[in-house]
2 protein chains.
Amino acid sequence: MPEPTLAENDIIDRIQAAFPERLDLCTFGIGDDAVQLRLPFDVVTTDTMCEGVHFDRRFTSLHDIAFRCLTSNLSDIAAMGCSPGPYTLSLALPTEGYTRAEIDQLLAGLVDCAKAHGQPEWLWLIGGDVVRSPSALVLTITLMGSSAGKRVLRRSRAQVGDLLVVFRPLGASALGLALLQAGRGDLAPQAVAAFCTPIADTALGPTLAQCPAVHAAMDLSDGLLNDLPRLLKASNCGAELHLERLPIAAEVRAGAAQLGLSHLDLALAGGEEYAILAAVSPDGQEELDAICAEHGRDLLPIGRILAKPGLRYFFDSSQYLPTSSGFAHFPCRDLTENT
Amino acid sequence: MPEPTLAENDIIDRIQAAFPERLDLCTFGIGDDAVQLRLPFDVVTTDTMCEGVHFDRRFTSLHDIAFRCLTSNLSDIAAMGCSPGPYTLSLALPTEGYTRAEIDQLLAGLVDCAKAHGQPEWLWLIGGDVVRSPSALVLTITLMGSSAGKRVLRRSRAQVGDLLVVFRPLGASALGLALLQAGRGDLAPQAVAAFCTPIADTALGPTLAQCPAVHAAMDLSDGLLNDLPRLLKASNCGAELHLERLPIAAEVRAGAAQLGLSHLDLALAGGEEYAILAAVSPDGQEELDAICAEHGRDLLPIGRILAKPGLRYFFDSSQYLPTSSGFAHFPCRDLTENT
């Protein structure tokens with residue numbers, strides 16, 4: 001006999017069991033029409049992930065689906081230079097429903113994601129909605145955060161002459177997915193982990209926000225080629241990108257080669273990096289090196305902000321036209337305007 | 001030539017145009033990784049609506065789909081006795097995308113919903129996410145609100161002897177949907193409006209919260225037969241429901257009769273009423289009558305809170321077993337335990 005699927009009320013019971021009331025955070029627990037916070041949180045972000053678009057259950061467990069959805073929100077809050085707070089979860093479940101074991105896997109993904117990010121004090125599921133989806137699983141997390149009254153990092157403050165930097169190698173998540181799809185996850189376990197259980201820069205973000213040399217920042221979630229133009233548009237400037245400088249781990253280069261993929265394309269177009277891209281003053285290198293040392297990260301310059309709008313690519317000083325584009329949810333006409 | 005569908009960035013542009021930055025509410029507008037609020041909001045709710053489950057585009061326009069999704073959130077905040085604040089919108093759009101006209105219809109539904117609720121000062125779209133759905137439209141709104149430092153209404157504070165009351169007739173929304181499905185919307189235009197553009201008790205809720213005679217409250221969204229047991233469970237008590245007292249408008253009785261439906265079933269099981277159900281002290285009638293007069297509502301007792309768990313139904317003093325159940329997203333085993 002197959003295990004029965006849970007009724008809505010039973011699902012809410014499981015959520016309450018995994019996330020018992022935190023009276024230090026809310027005046028009461030999950031289960032009313034809304035939740036009341038005891039503390040003020042001044043930043044908000046939301047991210048939705050849909051089965052068949054953002055994930056494929058053949059390659060991603062329910063545990064990892066929930067883990068990744070929470071990380072994507074954590075990354076947005078980190079890129080603003082803020083600390084994560086409480087969140088709501090909306091679960092639209094397939095018509096046939098989920099068993100208790102399946103619901104518990106989803107919830108364990110949220111619990112493990114918080115642990116993997118050092119269990120931030122106020123990161124806690126405080127409410128949500130459980131509904132039936134017409135087809136496949138859709139998760140929406142809305143995460144609050146706190147600036148602690150300090151400066152937040154914006155996309156729109158890049159200055160001409162700034163260095164474009166990232167703080168860790170790129171392309172691992174995209175390679176991880178490609179490996180899983182090819183049934184060759186064994187080739188690069190770290191890349192598979194980068195895809196399945198990605199870690200946002202939850203601690204690095206708030207430190208960067210307090211460094212005056214960091215002018216602008218954003219989170220890389222749709223691929224550098226999609227995301228960088230958004231920072232440039234917000235800052236009303238252009239940039240040059242030096243592709244030979246893109247930091248790509250040896251494991252990613254080797255794995256890409258074994259699959260016949262371009263490691264450059266993975267680093268340029270790969271989505272769901274959940275890494276921070278920043279525009280920093282060239283004078284701030286010393287201070288930034290110290291921050292990176294403190295957080296076990298590297299300061300990795302990949303380009304420079306220019307006054308002239310548009311994005312120009314160079315490879316070893318020659319102009320270059322990438323062959324791939326970042327992940328677009330809909331046909332993205334903007335990209336062609338950036339050449 | 002068919003009108004082109006919009007790219008993700010173009011959709012965000014339309015949202016920014018419909019909801020320009022409000023520097024009194026946020027430190028900057030839509031378009032960064034997260035948004036920063038200037039004011040504290042201490043309550044949060046979230047509601048998801050899926051095409052094929054919560055709505056059918058044959059009977060509901062994009063305008064009304066967005067309107068209803070916002071109302072469902074407003075109703076949760078109202079039932080807590082709080083005032084609505086800013087909200088985020090997550091749009092998972094069908095693969096083929098939406099045209100500019102379609103996106104503008106969705107956004108107009110949000111704008112018109114706020115107007116229909118008296119344009120609450122802090123009710124404003126401040127951020128969100130736009131993604132591709134594997135099949136059909138999925139909307140998630142996360143709405144913040146404010147208790148203004150005053151008492152919030154809980155589900156869990158009903159007391160034995162309390163009257164169960166509603167403040168307006170029931171069943172109109174369910175009849176409206178049934179009429180649209182039957183192609184007979186002309187029979188009861190008010191019921192159709194109650195379904196298409198429902199109004200939450202945004203002003204009534206905070207007033208009720210300041211009336212000590214109101215012990216507990218919740219919002220009716222899945223039908224009285226589904227929702228009332230939740231209030232009883234939270235308050236650890238039972239109730240008797242007097243079905244002959246259920247307030248049902250003459251238009252709803254007549255429309256139900258013409259479709260061969262039971263008006264009682266519509267009032268008992270009809271979802272998406274977005275009305276407040278409350279447990280009130282029998283001593284508070286005078287005060288509550290005054291509140292109702294102020295808000296153009298009626299005090300409509302439908303039952304009584306009992307110590308013994310479970311829900312008992314009466315019709316003209318005889319015990320009665322309803323033929324229909326409230327809307328359950330998944331098979332809801334709890335209902336059978338309440339007889």
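Listing B:Val44, B:Val53 from fewest to most neighbouring C-beta atoms within 10 Å gives B:Val53, B:Val44. Compared with the dominant Cα axis of chain A, that is its longest principal axis, helix A:285-295 is turned about 30°. Local charge for B:Ser235 was computed over the other residues whose Cβ lies under 10 Å away, with Lys and Arg +1 and Asp and Glu -1, and equals +4. Starting from the label point of A:Phe315 at 7 Å along Cα→Cβ, the same points in the other copies fall at 7.7 nm, in ascending order. Each distinct pair of alpha carbons in the protein assembly as shown adds a 1/r term; the inverse of their mean, the Kirkwood radius, is 26.1 Å.
State whether the range B:8-146 is rounded, prolate or oblate according to the following rule on the C-alpha gyration tensor (a ≥ b ≥ c being the square roots of its eigenvalues): a/c under 1.5 gives rounded; otherwise a/b larger than b/c gives prolate, and the remaining case gives oblate.
Details: a/c = 1.79, a/b = 1.29, b/c = 1.39.
Cα axes put the range B:8-146 in the oblate bin.
Here chain A is described by how far its Cα atoms reach on the three principal axes: 63, 47, 36 Å, from widest to narrowest.
Ranked from shortest, the separations from the 7 Å Cα-to-Cβ label point of B:Ala193 to its equivalents in the other copies are 6.1 nm.
Provide, as a two-decimal number, the C-alpha radius of gyration of the range A:155-338 over 2.2 N^0.38 Å, N being how many residues it has. Walk me through the intermediate numbers first.
On the way: Rg = 15.8 Å, N = 184, 2.2 N^0.38 = 16.0 Å.
Scaled against compact globular proteins, the figure is 0.99.
Largest GNM mean-square fluctuation across B:Ala114, B:Ala209, B:Ala136, computed for chain B with C-alpha springs under 10 Å, falls on B:Ala136. The relative contact order of the range B:8-146, computed from alpha carbon pairs under 8 Å that lie at least 6 residues apart in sequence, is 38 percent. State the Cα centre-to-centre distance between the range B:163-231 and the range A:34-75 in whole Å. The range B:163-231 and the range A:34-75 have Cα centres spaced 31 Å from each other. Using only the C-alpha atoms, the convex hull of the range B:83-190 corresponds to 199 Å³ per residue. Ascending distances from the A:Ala182 label point to its copies in the other chains, with the point 7 Å along the Cα-to-beta-carbon line: 6.1 nm.
Which value, in debye to the nearest 20, gives the size of the charge dipole of the protein assembly as shown about its Cα centre, when Lys and Arg are +1 and Asp and Glu are -1 at the Cβ? Intermediate results must be reported in sequence, preceding the final value.
Values: 50 positive and 82 negative charges, 22 e Å.
It comes to approximately 100 debye.
Angle check, please: helix B:250-259 long axis (alpha carbons) against the longest principal axis of chain B (alpha carbons), in degrees 0 to 90, nearest 10. For helix B:250-259, the angle is close to 80 degrees.
Here are some pairs, A:Lys150/B:Lys115; A:Lys115/A:Lys233; A:Lys115/A:Lys150; A:Lys233/B:Lys115; which of them have Cα atoms lying more than 30 Å apart in this structure?
Those over the limit are A:Lys150/B:Lys115; A:Lys115/A:Lys233; A:Lys233/B:Lys115.
By the Kirkwood approach, averaging reciprocal distances over each pair of separate Cα atoms, the range B:1-47 gets a hydrodynamic radius of 13.0 Å. Dipole of the range A:155-338 computed with +1 at Lys/Arg Cβ and -1 at Asp/Glu Cβ about the Cα centre; of A:Gln258, A:Ala191, A:Tyr313, farthest Cα towards the positive end is A:Tyr313. Grouping the Cα pair distances of the range A:183-290 into 5 Å bins from zero gives a pair-distance distribution of 2, 10, 18, 21, 20, 14, 8, 4, 1, 0 percent in increasing distance order.
Based only on Cα atoms, what Rg/Rh ratio does the range A:115-164 have, Rh being taken as Kirkwood's radius?
Details: Rg = 17.8 Å, Rh = 15.7 Å.
Expressed as Rg/Rh, it is 1.14.
Counting pairs of alpha carbon atoms under 8 Å apart in space and at least six apart in sequence, what relative contact order in percent does chain A give?
Working: 754 pairs, mean separation 71.3, N = 339.
Value for chain A: 21 percent.
Can you give me the angle between helix A:62-79 and the longest principal axis of chain A, using Cα atoms only, in degrees from 0 to 90, rounded to the nearest 10? Taking Cα atoms only, the helix is inclined about 50 degrees.
Loop by DSSP (not H, G, I, E, B), at most 14 other beta-carbon atoms within 10 Å: where is the longest site-free stretch of chain B for GluC sites (Glu not before Pro)? Let's see the in-between values first.
Numbers: sites that count: B:Glu96, B:Glu121.
By the stated rule (loop sites, at most 14 other Cβ atoms within 10 Å), B:122-339.
Any read-out appearing in this document is the output of simple, stated calculations on the displayed coordinates, not a laboratory observation. Source: prediction; values computed, not measured. Cβ: placed from backbone, ideal geometry, glycine included. Neighbour counts: every protein chain shown.
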